[in-house]
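The block underneath contains the structure these notes are about, expressed in structure tokens.
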Amino acid sequence: MVSRSYSNLLELAAGGGGGGGGEGPLPSLGRRRIPRVVTASGIVPDLDYSDDDAASAASSSDHSSAHSHAPRERAIIVANQLPIRASRRGGGGGGWEFSWDEDSLLLQLRDSLRAHADRADDMEFVYVGGLRDDVPAAEHDEVAHHLLEGFRCVPTFLPADLRSRFYHGFCKQQLWPLFHYMLPLSPELGGRFDRALWQAYVSVNKIFADKILEVISPDEDYVWVHDYHLMILPTFLRKRFNRVKLGFFLHSPFPSSEIYKTLPVREELLRSLLNADLIGFHTFDYARHFLSCCGRMLGLKYESQRGYIALEYYGRTVTIKILPVGVHLEQLRSVLNLPETGVKVAELLKQFCDQNRLMLLGVDDMDIFKGISLKLLAFEQLLMQHPEWRGRVVLVQIANPARGRGKDVKEVQDESYAMVRRINEAFGQPGYQPVILIDRPLQFYERMAYYVVAECCLVTAVRDGMNLIPYEYVIARQGNEKLDGILGLGPSARKKSMLVVSEFIGCSPSLSGAIRVNPWNIDAVADAMDSALEMPEGEKVLRHEKHHKYVSTHDVGYWANSFLQDLERTCLDHSRRRCWGIGFGLRFRVVALDPNFKKLAVEHLVSAYRRTTTRIILLDYDGTLMPQTSFGKSPSSKTIDMLNSLSRDQNNMVFLVSTKKRSTLEEWFSSCDNLGLAAEHGYFLRLKRDAEWETCVPVTDRSWKQIAEPVMKTYTETTDGSTIEDKETTIVWSYEDADPDFGSCQAKELHDHLESVLANEPVTVKAGLNHVEVKPQGVSKGLVAKRLLSIIRENSLLPDFVLCIGDDRSDEDMFEVITTAAQDNCLSPDAEVFACTVGRKPSKAKYYLDDPADIVRLIQGLANVSDEMHSTMPTPVDTADTALR
């Protein structure tokens, strides 16, 4: 159930607080920005005033001299948790006290953005999310008012049971393990899919959407949603506001398609993410897995557009952003400057360095994916294989409390404690403890002190979305003058650090100077530890300097600024597109098309058809009259009768323009006396059944087939599911039934191979949807349209009606020819031209119809009109049919 806080938008518009009593009006979010959904005249009291009234009221404000009337850019940051810490006053008996959570990434991105001159303070941030503490229902309004007024935060209050099923249920038991490559092969391994938990997940996402609706100004605000807890949220927002400016960033890994496709609600999540304008990932691997899932499960193709990866989804461009998050440099540096940090560093130096011991440091959450036990096994192996390190090297493992709960967490804890005891008993000496396990919560300054003293940092997670521990370590090792004095370093001393990182964490690709390891290979991790300890000082310095240069320039502010800039760029054309929603429930999506692209109205077409006398009708076959998915491609008797009725009208020139062989078309349409046929992209043309086939381009030597066919056969043998279709003038390699990724890869290789071997032949190599085709140069369906227009003009006739319908890229040539024919004086000055594609997608056509069934109904309707007109009207003398004789 949605919280009552600010659910009364009349109060919000009037500036009244939800807490009641004598509190003052709510602070404005910007310049008293009211959500667009409630600014219509008459809906909200006191909003029916002019801009002059608003300006006059603003000028009387105490703050009018300090603020401009121009609205500031605003970003609504949405996440599972607000960047807020809450506590009860007076031990739980009083009200609430709130403070910023300095460790929250959401707060850090706002503060760090101020360091970027191009962003500065001109963007306002509003946060929407939950609190860690349960707030009684009676206090919801008061708490919401306080958070909005003091922190620009809008809390989502969830009932305890719903929150548990949402977070500890679906998020932590199903999504989180799956995204970390853990399949629910048994109830103990992550838990089987539970529909009730899924419903809780959807319900919570809907509650978040409702809270956003209370504060959003959809034409101006940017919405940035964070992480896997809210993957359904984009659908709810896009359904309410088709043009909402919406970004999503996933902070966890995205698994390979083989893992992801086991999720029963896989399509719902994918489609919802695609309702965002910009989707961000930490690494290319995560983005590649997402794109592969979109290709395999939704049939979507991606392409690179001037350096950006983009997907076309129902006319909308969904951009993919790949950029790892960074650390908050100012926060880290301020903590390093704290007096208590220096005291702790001195204490650790005395404990380790003064005893001639080197510290290896691990900082991990106590969960199954952080690889703590594997790290301990590798350290044990190091001590076994390298006795010289016994008594000299200490592994300090800081184990943060697990964020989840359950049997697996308890097992990890028990295993880790047991291994620490075993190693210490086997290799411990008086005054020497090989492993120090710290499982109490540490203050941030304490953790930074450990970084400063550690010779090497070990991050050996078996799977992790990003992990900023190595970045924090690098900044800490750079230190400052105060710490240099404690460490005994001179002003000119060059800093050093060493990192051993897992290949399976998000920060690994950006740390090229680290020693990368497979954490499952215990021997390799042990060797990496030894290499880190033995590495020459000069090389450690070089590696550190390389890392520090990257980490210090790619901080959290750089990441946030880059994401918001790309979100702005992606949303630039929102206002120029025609948008409408289709689909129900979680299958909802928005179609966005050019303003001039509209659905073909049957009434308009029939009206034009009735009042014209010289008509050209060009029809594609596969995907237009016949669905692409049909197993049998031959036309039905109903289709034959329909085309016969249409082509018998002597005012019509009706042509079927296909990529099929002419022998196939002759066989299928042998009973259509007046139907014109164009085969193999229009290379062959037959005006009527009894007419001879002619060619639209000069006949060329086809010896090139002897070169192309053996090459295609090689790829067919190595690509399961691919086929070759040899036509008279063309040859096609199709991979429609092959694995989409492998087929696409093979198609690119084949395309390049054919272009190379056929470079001196009069042919072109074209890559289409699931196929590669070789055909004579200059051959296209546009030739058919040009040829027919030429025939009619030679007979001193000018068409006054042109209808061209097709479904794929090869039909675009026809659309282009007929839409420019009027400029070339090939059509009557008042000619009616209808270029129509199948499906709502970018096209040179001006019109569209939804599917082949709509096309068939349209053509059948025109055939019925022709029959009706023939029964009531005399046949004109000068007809289109005359031109064909």
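The values are calculated or read from the model by the stated rules, or taken from the named source; none is laboratory data. A quick note: this is a predicted structure, and the numbers were derived from the prediction, not measured. Cβ sites come from the backbone with ideal geometry, for glycine too, and all protein chains shown count toward neighbours. We work out accessible area using only protein heavy atoms, side chains counted, and drop any ligands, DNA or RNA first. Shrake-Rupley method; radii C 1.70, N 1.55, O 1.52, S 1.80 Å.
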**Asked** Within the stretch 266-287, is there a residue that is out of contact with any helix residue (DSSP H, G or I) (no Cβ under 7 Å at 6 or more places or on another chain), in a loop (DSSP other than H, G, I, E, B) and either surrounded by fewer than 20 Cβ atoms within 10 Å (Cβ to Cβ) or not assigned by the TED database to the domain that holds PHE125 (or both)?
**Response** no
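When you look at GLY479, is it in contact with a Lys or Arg (Cβ under 7 Å, 6 or more places away or on another chain) and at pLDDT below 95, yes or no?
On the way: in contact with a Lys or Arg (Cβ under 7 Å, 6 or more places away or on another chain): yes; at pLDDT below 95: yes.
Yes, satisfied.
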If we ask which residues in the stretch 364-422 are open to solvent by 40 Å² or more (accessible area, probe 1.4 Å), among the aliphatic types (A, V, I, L, M) and not in a loop (DSSP other than H, G, I, E, B), their number turns out to be 3
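Is it true that some residue in the stretch 203-213 is part of a strand (DSSP E or B), touching a residue at least 40 places away in the same chain (Cβ under 8 Å) and buried (at least 20 other Cβ atoms within 10 Å of the Cβ)? Reasoning before the result, please.
From the stretch 203-213, those part of a strand (DSSP E or B) are none; that's our starting set.
Within the stretch 203-213, none of the residues are part of a strand (DSSP E or B), touching a residue at least 40 places away in the same chain (Cβ under 8 Å) and buried (at least 20 other Cβ atoms within 10 Å of the Cβ).
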ARG463 fails exactly one of (1) modelled with pLDDT of 95 or more; (2) open to solvent by less than 60 Å² (accessible area, probe 1.4 Å); (3) among the charged types (D, E, K, R), namely (1)
So is ARG516 modelled with pLDDT of 95 or more, closer than 24 Å to VAL335 by Cα and within 40 Å of the chain's Cα centre (by Cα) or not? no
Of the conditions (1) farther than 29 Å from GLY861 by Cα; (2) open to solvent by less than 30 Å² (accessible area, probe 1.4 Å); (3) assigned by the TED database to the domain that holds HIS604, the single one that LEU754 does not satisfy is (3)
Of the residues in the stretch 289-324, those that are in a loop (DSSP other than H, G, I, E, B), open to solvent by less than 60 Å² (accessible area, probe 1.4 Å), in contact (Cβ under 8 Å) with a residue 60 or more places away in the chain and in contact with a strand residue (DSSP E or B) (Cβ under 8 Å, 6 or more places away or on another chain) number 2
Just one listed residue, out of VAL327, VAL318, is under 28 Å from the mean Cα position of the chain (by Cα) and closer than 23 Å to VAL591 by Cβ, and it is VAL318
Sole miss for ARG494 among (1) part of a helix (DSSP H, G or I); (2) open to solvent by 50 Å² or more (accessible area, probe 1.4 Å); (3) among the basic types (Lys, Arg); (4) more than 30 Å from ASP277 (Cα to Cα) is condition (1)
Going through the stretch 533-579 in order, the residues found to be open to solvent by less than 50 Å² (accessible area, probe 1.4 Å) and farther than 27 Å from GLN331 by Cβ are LEU533, MET535, GLY538, THR570, CYS571, HIS574, CYS579
Considering residues that are at pLDDT 95 or above and open to solvent by 20 Å² or more (accessible area, probe 1.4 Å), the number found within the stretch 219-228 is 2
inquiry  = If I filter the stretch 180-192 for residues that are more than 21 Å from GLU97 (Cα to Cα) and either outside any loop (DSSP other than H, G, I, E, B) or basic (Lys, Arg) (or both), do I get at least one hit?
reply    = yes
If we keep only residues of the stretch 684-704 that are in contact (Cβ under 8 Å) with a residue 60 or more places away in the chain, closer than 26 Å to VAL772 by Cα and not β-branched (Val, Ile, Thr), then the residue surrounded by the most Cβ atoms within 10 Å (Cβ to Cβ) is LEU685
Of (1) part of a helix (DSSP H, G or I); (2) within 18 Å of HIS548 (Cβ to Cβ); (3) not polar (S, T, N, Q), TYR450 fails just (2)
Suppose the filter is open to solvent by less than 10 Å² (accessible area, probe 1.4 Å), assigned by the TED database to the domain that holds MET384 and within 23 Å of VAL556 (Cβ to Cβ); does LEU458 pass it? no
By residue number, the members of the stretch 110-150 that are open to solvent by 20 Å² or more (accessible area, probe 1.4 Å) and at pLDDT 95 or above are none
Expected output for the stretch 166-194 (first residue open to solvent by 30 Å² or more (accessible area, probe 1.4 Å), partner of a type in the set (Lys, Arg) and at pLDDT 90 or above, Cβ below 8 Å, 6+ apart or cross-chain) is TYR181/ARG463
Filtering the stretch 124-145 for residues that are in contact with a strand residue (DSSP E or B) (Cβ under 7 Å, 6 or more places away or on another chain) and closer than 22 Å to SER217 by Cα leaves a count of 8
